[in-house]
Amino acid sequence: MTIALIILGVLVLGVVLWFFGAYNGLIKLRNLVQEAWAQIDVELKRRHDLIGNLVETVKGYAAHEKTTLEEVTRARAGAVSASQGNAGPAEVAKAEAALTQALVRLTMVAEAYPDLRASENFRALQAELTSTEDRIASARRYYNANVRELNTKVETIPTNFVAGPAGVHKAEYFEVESAAEREAPQVSFDPGP
(Lines give C-alpha, C1' and ligand atoms only; values in the text may rest on other atoms or scores of the structure.)
Protein backbone atom coordinates (compact mmCIF):
# COMPACT_ATOMS: atom_id res chain seq x y z
CA MET A 1 0.00 0.00 0.00
CA THR A 2 2.82 2.42 0.87
CA ILE A 3 4.64 1.71 -2.38
CA ALA A 4 1.45 2.36 -4.36
CA LEU A 5 1.01 5.75 -2.60
CA ILE A 6 4.64 6.66 -3.31
CA ILE A 7 4.26 5.74 -6.98
CA LEU A 8 1.00 7.69 -7.20
CA GLY A 9 2.64 10.67 -5.47
CA VAL A 10 5.58 10.58 -7.89
CA LEU A 11 3.20 10.40 -10.86
CA VAL A 12 1.12 13.33 -9.59
CA LEU A 13 4.28 15.34 -8.89
CA GLY A 14 5.55 14.51 -12.40
CA VAL A 15 2.29 15.70 -14.00
CA VAL A 16 2.30 18.90 -11.92
CA LEU A 17 5.93 19.63 -12.82
CA TRP A 18 5.22 18.94 -16.49
CA PHE A 19 2.20 21.28 -16.36
CA PHE A 20 4.28 24.11 -14.85
CA GLY A 21 7.05 23.52 -17.40
CA ALA A 22 4.59 23.53 -20.31
CA TYR A 23 2.84 26.63 -18.97
CA ASN A 24 6.11 28.52 -18.47
CA GLY A 25 7.33 27.47 -21.92
CA LEU A 26 4.17 28.77 -23.58
CA ILE A 27 4.35 32.07 -21.70
CA LYS A 28 8.01 32.44 -22.69
CA LEU A 29 7.18 31.85 -26.35
CA ARG A 30 4.28 34.30 -26.22
CA ASN A 31 6.58 36.93 -24.73
CA LEU A 32 9.22 36.26 -27.40
CA VAL A 33 6.60 36.80 -30.11
CA GLN A 34 5.54 40.07 -28.49
CA GLU A 35 9.16 41.19 -28.17
CA ALA A 36 9.86 40.31 -31.80
CA TRP A 37 6.79 42.28 -32.92
CA ALA A 38 7.98 45.26 -30.88
CA GLN A 39 11.32 45.11 -32.72
CA ILE A 40 9.52 45.12 -36.08
CA ASP A 41 7.52 48.11 -34.88
CA VAL A 42 10.73 50.00 -33.99
CA GLU A 43 12.21 49.32 -37.42
CA LEU A 44 8.99 50.31 -39.19
CA LYS A 45 8.95 53.62 -37.30
CA ARG A 46 12.53 54.21 -38.37
CA ARG A 47 11.52 53.44 -41.97
CA HIS A 48 8.59 55.83 -41.79
CA ASP A 49 10.82 58.63 -40.47
CA LEU A 50 13.40 58.05 -43.20
CA ILE A 51 10.74 58.07 -45.91
CA GLY A 52 9.45 61.41 -44.67
CA ASN A 53 12.96 62.84 -44.96
CA LEU A 54 13.41 61.26 -48.39
CA VAL A 55 10.17 62.81 -49.66
CA GLU A 56 11.26 66.23 -48.41
CA THR A 57 14.61 65.84 -50.18
CA VAL A 58 12.96 64.83 -53.45
CA LYS A 59 10.51 67.76 -53.19
CA GLY A 60 13.39 70.18 -53.49
CA TYR A 61 14.52 68.68 -56.80
CA ALA A 62 11.30 67.39 -58.33
CA ALA A 63 8.61 69.80 -57.27
CA HIS A 64 6.45 69.05 -60.32
CA GLU A 65 6.24 65.35 -59.37
CA LYS A 66 3.49 66.27 -56.92
CA THR A 67 1.30 63.20 -57.57
CA THR A 68 4.07 60.73 -56.77
CA LEU A 69 5.12 62.63 -53.67
CA GLU A 70 1.52 62.80 -52.43
CA GLU A 71 1.11 59.07 -53.08
CA VAL A 72 4.19 58.25 -51.00
CA THR A 73 3.00 60.59 -48.26
CA ARG A 74 -0.46 58.91 -48.20
CA ALA A 75 1.06 55.43 -48.19
CA ARG A 76 3.42 56.45 -45.38
CA ALA A 77 0.52 57.86 -43.36
CA GLY A 78 -1.42 54.61 -43.88
CA ALA A 79 1.56 52.53 -42.77
CA VAL A 80 2.15 54.70 -39.71
CA SER A 81 -1.54 54.49 -38.81
CA ALA A 82 -1.56 50.70 -39.17
CA SER A 83 1.56 50.19 -37.08
CA GLN A 84 0.48 52.61 -34.34
CA GLY A 85 -3.07 51.31 -34.10
CA ASN A 86 -4.34 47.92 -33.04
CA ALA A 87 -3.80 46.44 -36.49
CA GLY A 88 -2.52 42.90 -36.64
CA PRO A 89 0.47 41.75 -38.64
CA ALA A 90 -1.63 41.14 -41.77
CA GLU A 91 -2.97 44.72 -41.84
CA VAL A 92 0.48 46.17 -41.13
CA ALA A 93 1.99 44.00 -43.89
CA LYS A 94 -0.63 45.23 -46.37
CA ALA A 95 0.02 48.89 -45.48
CA GLU A 96 3.78 48.35 -45.70
CA ALA A 97 3.41 46.67 -49.11
CA ALA A 98 1.51 49.73 -50.39
CA LEU A 99 4.27 51.95 -49.02
CA THR A 100 6.93 49.84 -50.73
CA GLN A 101 5.12 50.15 -54.06
CA ALA A 102 4.94 53.94 -53.62
CA LEU A 103 8.66 54.01 -52.81
CA VAL A 104 9.44 52.14 -56.03
CA ARG A 105 7.60 54.84 -57.97
CA LEU A 106 9.47 57.54 -56.02
CA THR A 107 12.77 55.88 -56.88
CA MET A 108 11.79 55.86 -60.55
CA VAL A 109 11.09 59.60 -60.32
CA ALA A 110 14.45 60.17 -58.64
CA GLU A 111 16.21 58.40 -61.52
CA ALA A 112 15.05 61.19 -63.85
CA TYR A 113 16.93 63.83 -61.83
CA PRO A 114 20.74 63.47 -61.99
CA ASP A 115 21.24 66.33 -59.53
CA LEU A 116 19.02 64.56 -57.02
CA ARG A 117 20.84 61.26 -57.42
CA ALA A 118 24.14 63.10 -56.91
CA SER A 119 22.89 64.78 -53.74
CA GLU A 120 24.80 63.56 -50.70
CA ASN A 121 21.68 63.87 -48.53
CA PHE A 122 19.61 61.78 -50.97
CA ARG A 123 22.29 59.07 -51.22
CA ALA A 124 22.66 58.96 -47.44
CA LEU A 125 18.90 58.63 -46.98
CA GLN A 126 18.74 55.86 -49.60
CA ALA A 127 21.58 54.00 -47.86
CA GLU A 128 19.86 54.33 -44.48
CA LEU A 129 16.58 53.15 -45.98
CA THR A 130 18.28 50.13 -47.53
CA SER A 131 19.90 49.31 -44.19
CA THR A 132 16.55 49.69 -42.43
CA GLU A 133 14.84 47.43 -44.98
CA ASP A 134 17.47 44.76 -44.22
CA ARG A 135 16.83 45.12 -40.48
CA ILE A 136 13.07 44.86 -41.05
CA ALA A 137 13.58 41.67 -43.05
CA SER A 138 15.75 40.24 -40.28
CA ALA A 139 13.26 41.23 -37.56
CA ARG A 140 10.46 39.74 -39.65
CA ARG A 141 12.28 36.41 -39.96
CA TYR A 142 12.91 36.37 -36.19
CA TYR A 143 9.28 37.21 -35.46
CA ASN A 144 7.93 34.57 -37.85
CA ALA A 145 10.29 31.93 -36.41
CA ASN A 146 8.96 32.65 -32.92
CA VAL A 147 5.37 32.60 -34.20
CA ARG A 148 6.02 29.22 -35.84
CA GLU A 149 7.41 27.81 -32.60
CA LEU A 150 4.54 29.23 -30.52
CA ASN A 151 1.89 28.00 -32.97
CA THR A 152 3.45 24.53 -33.02
CA LYS A 153 3.32 24.35 -29.23
CA VAL A 154 -0.26 25.65 -29.11
CA GLU A 155 -1.42 23.09 -31.68
CA THR A 156 0.47 19.98 -30.62
CA ILE A 157 -0.30 17.47 -27.91
CA PRO A 158 0.24 17.63 -24.96
CA THR A 159 0.97 21.39 -24.66
CA ASN A 160 -2.30 22.25 -26.42
CA PHE A 161 -4.08 21.12 -23.23
CA VAL A 162 -2.22 23.80 -21.30
CA ALA A 163 -2.45 26.57 -23.94
CA GLY A 164 -6.20 27.18 -23.60
CA PRO A 165 -6.30 27.53 -19.82
CA ALA A 166 -3.09 29.60 -19.95
CA GLY A 167 -4.72 32.04 -22.38
CA VAL A 168 -2.05 31.44 -25.02
CA HIS A 169 -3.34 31.37 -28.60
CA LYS A 170 -1.85 31.09 -32.05
CA ALA A 171 -0.11 34.23 -33.29
CA GLU A 172 -0.37 35.73 -36.76
CA TYR A 173 2.57 35.65 -39.16
CA PHE A 174 3.89 38.89 -40.64
CA GLU A 175 3.78 38.10 -44.33
CA VAL A 176 2.70 39.40 -47.70
CA GLU A 177 -0.61 37.86 -48.61
CA SER A 178 -1.54 38.57 -52.21
CA ALA A 179 0.30 37.14 -55.19
CA ALA A 180 0.58 40.60 -56.75
CA GLU A 181 2.38 41.93 -53.68
CA ARG A 182 4.79 38.98 -53.71
CA GLU A 183 6.03 39.81 -57.20
CA ALA A 184 8.97 42.14 -57.49
CA PRO A 185 7.97 45.38 -59.15
CA GLN A 186 9.11 45.69 -62.77
CA VAL A 187 11.16 48.83 -63.25
CA SER A 188 12.34 49.81 -66.71
CA PHE A 189 13.95 53.00 -67.87
CA ASP A 190 13.99 51.84 -71.48
CA PRO A 191 12.03 54.39 -73.49
CA GLY A 192 10.86 51.60 -75.79
CA PRO A 193 10.06 51.83 -79.52
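The values are calculated or read from the model by the stated rules, or taken from the named source; none is laboratory data. Here the structure is a predicted model, which is why all the values come from computation and not from measurement. Quick reminder, even Gly has a Cβ in these numbers, built from the backbone with ideal geometry, and neighbours come from all protein chains shown. Protein only, heavy atoms only, side chains kept; ligands, DNA and RNA dropped before computing areas. Shrake-Rupley method; radii C 1.70, N 1.55, O 1.52, S 1.80 Å.
Observations on the model:
- Average Cα contact separation per residue, the stretch 28-146, under 8 Å, 6 or more apart, as relative contact order %: 44
- For the stretch 22-142, taking Cα atoms only, Rg and Dmax work out to 16.7, 61 Å respectively.
- Rounded accessible area per residue of the chain, 1.4 Å, Å²: 61
- The accessible area of Phe20, taken with all protein chains in place and a 1.4 Å probe, comes to roughly 110 Å².
- Judged by the mean number of other Cβ atoms found within 10 Å, the most tightly packed of the peptides 156-164, 100-108 leads the ranking 100-108, 156-164.
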